[in-house]
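The values are calculated or read from the model by the stated rules, or taken from the named source; none is laboratory data. Predicted, not measured: the structure shown is a model, and the values here were computed from it. Cβ: placed from backbone, ideal geometry, glycine included. Neighbour counts: every protein chain shown. Surface accessibility is based on the protein's heavy atoms, side chains included, excluding ligands, DNA and RNA. Shrake-Rupley method; radii C 1.70, N 1.55, O 1.52, S 1.80 Å.
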Amino acid sequence: ATSIDAAPTCLVDNPLQQRRHTLPASEFRNLTPQDAISVFEIEREAFISVSGECPLTLDEVLNFLGQCPELSLGWFEEGQLVAFIIGSGWDKERLSQEAMTQHVPDSSTVHIHVLSVHRHCRQQGKGSIILWRYLQYVSCMPGLRRALLICEDFLVPFYLKAGFKEIGPSAITVSNMHFQEMEYTLCGQAYSRRNSDC
């Protein structure tokens, strides 16, 4: 009897025989500081044309993506960012001017700073979809109990439809703009996973 030693199979180094790596058609993931420029370009285009102000500067985007990337969500199609949400932790009942630039770790509230969709992807329901995915995601994070945000009056119906409740006028002002503060209760929602700790 002869003995054959098992040897690893060698792959041919021929590009025609190798599998091509392709990007997923659609992917949701947390953002990183490497995504900051794409985030800021989409945000700037979306908000400057409407209000003349960006909710976050590039430095603030980098700061939040460095401190609390787990409170962000990006939607990528074929590797390109098409929509995103950036949040941070907050520990007070209502949002104040300080909430615009601070992250409070281990808090029970996520402050949603910005939701933005790339201009070529608007009017396709992507804002509603990423918001739903984000709320589902943060609902299952231990300790988080609610989400707060501020928005202009014309956006109130969008957030009400997503399940937010109107708290009232916000104490935060940017330039001469005034906002409504909205709240979403995270735990106990139908979005929560069956076996979550919420």
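The table below lists the values:
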quantity	calculated
LYS165-GLN67 FRET efficiency (beta carbon distance; Förster radius 25 Å; 0.05 resolution)	0.35
Where labels lie 7 Å past Cα in the beta-carbon direction, separation of THR57 and VAL174 in nm	1.3 nm
Rounded to the nearest 10 Å², the accessible area of THR57 at probe 1.4 Å	70 Å²
Inter-centroid distance (Cα atoms) of the range 132-151 relative to the range 82-122, Å	10 Å
Length released on extending from GLN102 to GLN124, taking residue separation times 0.36 nm less the Cα-Cα span	4.7 nm
Listed residues PHE76, PHE154, PHE47 arranged by accessible area, highest first, probe 1.4 Å	PHE154, PHE47, PHE76
Phi-based couplings in Hz for the range 160-168 (Karplus 6.51, -1.76, 1.60; Gly and Pro marked x)	4, 4, 7, x, 6, 10, 7, 8, x
Cα-centred dipole magnitude for the range 26-148, charges only on beta-carbon of K, R (+1) and D, E (-1), debye, nearest 20	440 debye
